[in-house]
Amino acid sequence: MTTPPIISRLPSVGTTIFTVMSRLAVEYNALNTGQGFPDFEPPLELRERVSFHLAAGHNQYAPMSGIPELREAIAHKVARLYGRKVSSEHEVTVTSGGTEALTASIQALVHPGDEVIVFDPAYDSYCPIIELVGGRAIRIPLLRPEFSIDWDRLSEAITQRTRLLIINFPHNPTGAILSREDLDRLADLLRSTKVFVISDEVYEHMVFDGHAHQSINAHHELSARSVVVSSFGKTYHATGWKVGYTVAPAALTTEVRKVHQFLTFSTASVLQYAIADFMLAHPEWEEQLAAFYQTKRDRLQGLLRGSRFQVLPARSTYFQLLDYSAISDAPDTELSIHLIKVHGVTTIPVSPFCEDPPSTERLIRLCFAKQDATLSGAAERLLKL
Ligand code: PMP
Ligand code: GLN
């Protein structure tokens, strides 16, 4: 018997750039300042709560929408930080990471033939999911040099066919953020439309230089048509746990849960219990995160001073963009591979996040969620270029 011919549902999709680069990093024993994950541990107390609940017997299916304790802790956080009162029962859903939250939300909202607007550079999971449900991604580049929203193009792109807009601020990979005025402008633009919003806010607690994160959760009008996505992976230095959540009005949450229940059914119970305990014991945790990562950003930027890279402003997230046009004309993926193989430092090229990368653009992304020694080591290698 031979395998029947396979007609790929994702013909133009390969392995993610994060996996490709991390694999090369291992193969060439390079410092991994590429893929976005901390090379330090989640807080000890949080890890101890995992051990506790593992031994205490929380090892069977969690409720489909998440354990009530965690949903309540999330609802409290949203009320405390963004002033929005949400029902933990009907408006909060615990998911297996931000990725699953995004997938469930896109699948719940997008019908075949619908258009979905995303901004380039776009996090790599959005467009393949849109394609899988038969939607069409309309990709609008963020405007250089600030990577801000191109309001004219956005306004032109919204048609009767537009079902959904996906936004991601704090933005991976550029660190761009939105102001309250931006959200108001978005509300003006969407008011007369039937467009939903997915707001990917997984870096919500990493906004620097005294700016506040403008969550859709804090915007009364926009939150009525939005699914807000977050991830404990970023907040608790635990990207491998894959626990995230959505906050959305009850009617939207019902639809998201219809998909979530068949994507994974529910999310690891011990992790949910541990995170709920930690959130209750340490409501201050989120508030120190921005200062923690700002120190790392400043450290990296200081280390790179005097290099031939242009260090772009990094206003949020744990990513730093570097412009290497003074060093090389090579395309970004080629340069990133060269940096791993020859210089032992891993970066992520930006063009895989874009449909139509500007041909003159020479940008790579560094992750600074790393120990000081890793940052110094990476900078030392980059200074040689
Ligand atoms: N959205 C963005 C912008 C991300 O950078 C990531 C992961 N780093 C995710 C979603 C996915 O989050 P998770 O790892 O919890 O699935
Ligand atoms: N979000 C992480 C990043 O931007 C990677 C997540 C993944 O590898 N899927 O680096």
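The values are calculated or read from the model by the stated rules, or taken from the named source; none is laboratory data. Everything quoted here is computed from the prediction, not taken from an experiment. Glycine also receives a Cβ, built like all others from the backbone with ideal geometry; neighbour counts cover every protein chain displayed. For accessibility, only protein heavy atoms count, side chains too; no ligands or nucleic acids. Shrake-Rupley method; radii C 1.70, N 1.55, O 1.52, S 1.80 Å.
Some observations on this one:
- Residues located in the stretch 318-355, provided they are small (Gly, Ala, Ser) and more than 22 Å from the chain's Cα centre (by Cα): SER325, ALA326, SER328, ALA330, GLY344
- Filtering the stretch 1-39 to residues that are more than 16 Å from ligand 1 (Cβ to nearest atom) and either under 30 Å from PHE278 (Cα atoms) or aliphatic (A, V, I, L, M) (or both) leaves MET1, ILE6, ILE7, LEU10, VAL13, LEU24, ALA25, VAL26, ALA30, LEU31.
- Among the criteria (1) open to solvent by 20 Å² or more (accessible area, probe 1.4 Å); (2) under 21 Å from the mean Cα position of the chain (by Cα), the one ASP188 does not fulfil is (2).
So that you can scan it fast, the table gives a plain yes or no per residue for (1) part of a loop (DSSP other than H, G, I, E, B); (2) within 11 Å of ligand 1 (Cβ to nearest atom):
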{"position": "ALA137", "(1), (2)": "no, no"}
{"position": "PRO145", "(1), (2)": "yes, no"}
{"position": "THR159", "(1), (2)": "yes, no"}
{"position": "ASN172", "(1), (2)": "yes, yes"}
{"position": "GLU181", "(1), (2)": "no, no"}
{"position": "VAL202", "(1), (2)": "yes, yes"}
{"position": "GLY210", "(1), (2)": "yes, no"}
{"position": "GLN214", "(1), (2)": "yes, no"}
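- Residue satisfying condition, being of a type in the set (S, T, N, Q), outside any loop (DSSP other than H, G, I, E, B) and open to solvent by 10 Å² or more (accessible area, probe 1.4 Å), within set SER325, SER376, SER359: SER376
- Within this structure, GLY240 passes the test of being within 16 Å of ligand 2 (Cβ to nearest atom) and part of a helix (DSSP H, G or I).
- Some residue of the stretch 53-76 being farther than 24 Å from PRO173 by Cα, within 19 Å of the chain's Cα centre (by Cα), in contact (Cβ under 8 Å) with a residue 12 or more places away in the chain and within 16 Å of ligand 1 (Cβ to nearest atom): yes
- Extreme residue, most open to solvent (accessible area, probe 1.4 Å), among residues of the stretch 160-185 that are of a type in the set (S, T, N, Q) and more than 29 Å from LYS242 (Cβ to Cβ): GLN160
- Residue within the stretch 151-163 that is among the hydrophobic types (A, V, I, L, M, F, W, C) and closer than 20 Å to TYR203 by Cβ present: no
- The residues in the stretch 247-304 that are open to solvent by 30 Å² or more (accessible area, probe 1.4 Å), closer than 27 Å to SER316 by Cβ and within 20 Å of the chain's Cα centre (by Cα) can be counted, and the count is 6.
- Residue in the stretch 344-354 that is in contact with a Ser or Thr (Cβ under 9 Å, 6 or more places away or on another chain), part of a helix (DSSP H, G or I), within 27 Å of HIS205 (Cβ to Cβ) and touching a residue at least 40 places away in the same chain (Cβ under 8 Å) present: yes
- Residue match in the stretch 16-32 (condition: away from ligand 2 (no atom under 16 Å from the Cβ), in a loop (DSSP other than H, G, I, E, B) and within 18 Å of THR235 (Cβ to Cβ)): no
- For the stretch 218-237, the candidate set comprises residues that are more than 16 Å from ligand 1 (Cβ to nearest atom) and assigned to a helix (DSSP H, G or I); within that set, the residue that is farthest from PHE292 (Cα to Cα) is GLU221.
- From GLU204, GLU221, GLU156, residue being under 23 Å from ALA108 (Cα atoms) and acidic (Asp, Glu): GLU221
- Among the candidates LEU109, LEU46, residue that is in contact (Cβ under 8 Å) with a residue 40 or more places away in the chain, of a type outside the set (Asp, Glu), farther than 30 Å from LEU222 by Cβ and open to solvent by less than 20 Å² (accessible area, probe 1.4 Å): LEU46
- The set of residues in the stretch 2-51 that are in contact with a helix residue (DSSP H, G or I) (Cβ under 7 Å, 6 or more places away or on another chain) and among the aromatic types (Phe, Trp, Tyr) comprises TYR28, PHE37.
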